[in-house]
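Asks: I'd like to ask you about the structure that follows.
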Amino acid sequence: MKRSLFVANWKMYLSFDAAVDWCKLCVRDGGMMAREADIIVCPEATYLSLLTKYLEGIVAVGAQECSIYPDGPFTGDISAAHLAQSGIFYTLVGHHERRLYYGETTLKITKKIIVASQNGVEPIICVSDAADAEAIFLAIKNESFLPKSIVCAFEPPASIGTGVVAEFTEIEKISLAIKKSAVSIFPGADVSVLYGGSVDVFSAKMLGNVSSIDGLLIGKAGTDFQAFKKIVSSFMSRVF
Ligand code: PGA
């Protein structure tokens, strides 16, 4: 069975001290969780190097964002090439909050996916539904880029930060549609689909029963290490 993947998106929630405390708990208690599943923690850019040092050999660290450019005069941007050189091999791309507050378009998201992939950083592509995913996949293909692996996070906007997890049948249906569209556009690619949106310790077990998802993208609840650990173990108690 494919290993489950859990991505913690800390957004801009944690103070420096709280981030250090999370890392200390992870160093003490995170080993077992990381042996059983793939874990990626995405802190704000400020803490990337701190986490890379602290969590090395325990869990992976990812960025929340990267530039459409590989390098150059782009003040404030985060270079995917430099992420990889710093030992960071994952980045979120196309998160709903980036689209809502910073005007990210499908075109920009497509460029980021390609630049990240070409520089050795795996993009975790956040999408709002199957049509959104398909539009991004087609735009990537139009650029003649054919990824060998795709990690997509299905995050319905109505579920992000609202406390309302999407209907399980809806999650099943849409994640399957995303997978189908990915394999038809990129035959042979290894495709994983995560669910994200108000995941917490209560919903994680039920989400584990949604067979078409391969893991979770966890926002607010992932800023609490103990909650994050519980979410991982509840989801992992899935039986198929
Ligand atoms: P949430 O955020 O779990 O706080 O809803 C998920 C996300 O936006 O990635």
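The values are calculated or read from the model by the stated rules, or taken from the named source; none is laboratory data. The structure displayed is predicted, hence computed values, not measured ones. Heads up, the Cβs are rebuilt from the backbone with ideal geometry, glycines too, and the neighbour counts pull from every protein chain shown.
Asks: GLU155 versus (1) out of contact with any His (no Cβ under 9 Å at 6 or more places or on another chain); (2) closer than 17 Å to ALA135 by Cα; (3) within 16 Å of the ligand (Cβ to nearest atom): which is the lone unmet condition?
Replies: (1)
Asks: Look at SER181 and say whether it is away from the ligand (no atom under 16 Å from the Cβ), crowded, with 20+ Cβ neighbours inside 10 Å and either in a helix (DSSP H, G or I) or modelled with pLDDT under 95 (or both). Step through it out loud before you land on a result.
Replies: Values: away from the ligand (no atom under 16 Å from the Cβ): yes; crowded, with 20+ Cβ neighbours inside 10 Å: yes; either in a helix (DSSP H, G or I) or modelled with pLDDT under 95 (or both): yes.
Spelling it out, SER181 is indeed away from the ligand (no atom under 16 Å from the Cβ), crowded, with 20+ Cβ neighbours inside 10 Å and either in a helix (DSSP H, G or I) or modelled with pLDDT under 95 (or both).
Asks: Can you run down the residue pairs with Cβ atoms below 7 Å, 6 or more apart or on separate chains, where the first is in the stretch 1-18 and surrounded by fewer than 18 Cβ atoms within 10 Å (Cβ to Cβ) and the partner is assigned to a loop (DSSP other than H, G, I, E, B) and of a type in the set (Asp, Glu)?
Replies: As it stands, the answer is LYS2/ASP214; MET12/GLU44, since those pairs meet every condition given.
Asks: Just name the residue that is farthest from LYS220 (Cα to Cα) out of those in the stretch 2-35 that are within 15 Å of the ligand (Cβ to nearest atom) and aromatic (Phe, Trp, Tyr). Break it down stepwise before answering.
Replies: Here is the first cut: in the stretch 2-35, the residues within 15 Å of the ligand (Cβ to nearest atom) are 5-14.
Pick out the ones that are also aromatic (Phe, Trp, Tyr) and you get 6, 10, 13.
Values: PHE6: 14, TRP10: 7, TYR13: 8 Å.
In this case the residue turns out to be PHE6.
Asks: Can you tell me how many residues in the stretch 73-89 are farther than 11 Å from LEU48 by Cβ and in contact (Cβ under 8 Å) with a residue 12 or more places away in the chain? Full working, then the answer.
Replies: Taking the stretch 73-89 first, the residues farther than 11 Å from LEU48 by Cβ are 73-77, 79-81, 84-85, 89.
With the extra rule that they be in contact (Cβ under 8 Å) with a residue 12 or more places away in the chain, the set shrinks to 79-81, 84, 89.
The qualifying residues number 5.
Asks: Could you tell me which of the residues VAL201, VAL191 is within 16 Å of the ligand (Cβ to nearest atom) and within 19 Å of the chain's Cα centre (by Cα)?
Replies: Working: VAL191 fails: within 16 Å of the ligand (Cβ to nearest atom).
None of the others qualify; the one that does is VAL201.
Asks: So which residues in the stretch 206-239 are more than 12 Å from the ligand (Cβ to nearest atom), without any contact (Cβ under 8 Å) to a residue 60 or more places away in the chain, among the small types (Gly, Ala, Ser) and assigned to a helix (DSSP H, G or I), if there are any at all?
Replies: GLY208, SER234
Asks: Residue check: is GLY197 modelled with pLDDT of 95 or more, closer than 18 Å to SER234 by Cβ, surrounded by 20 or more Cβ atoms within 10 Å (Cβ to Cβ) and not charged (D, E, K, R)? Don't jump to the end; show me each part of the working.
Replies: Numbers: modelled with pLDDT of 95 or more: yes; closer than 18 Å to SER234 by Cβ: yes; surrounded by 20 or more Cβ atoms within 10 Å (Cβ to Cβ): yes; not charged (D, E, K, R): yes.
In short, yes.
Asks: A further question follows. Looking at the stretch 90-116, which of its residues are more than 16 Å from the ligand (Cβ to nearest atom) and either under 23 Å from LEU50 (Cβ atoms) or in contact with a strand residue (DSSP E or B) (Cβ under 6 Å, 6 or more places away or on another chain) (or both)?
Replies: LYS112, ILE113, ALA116
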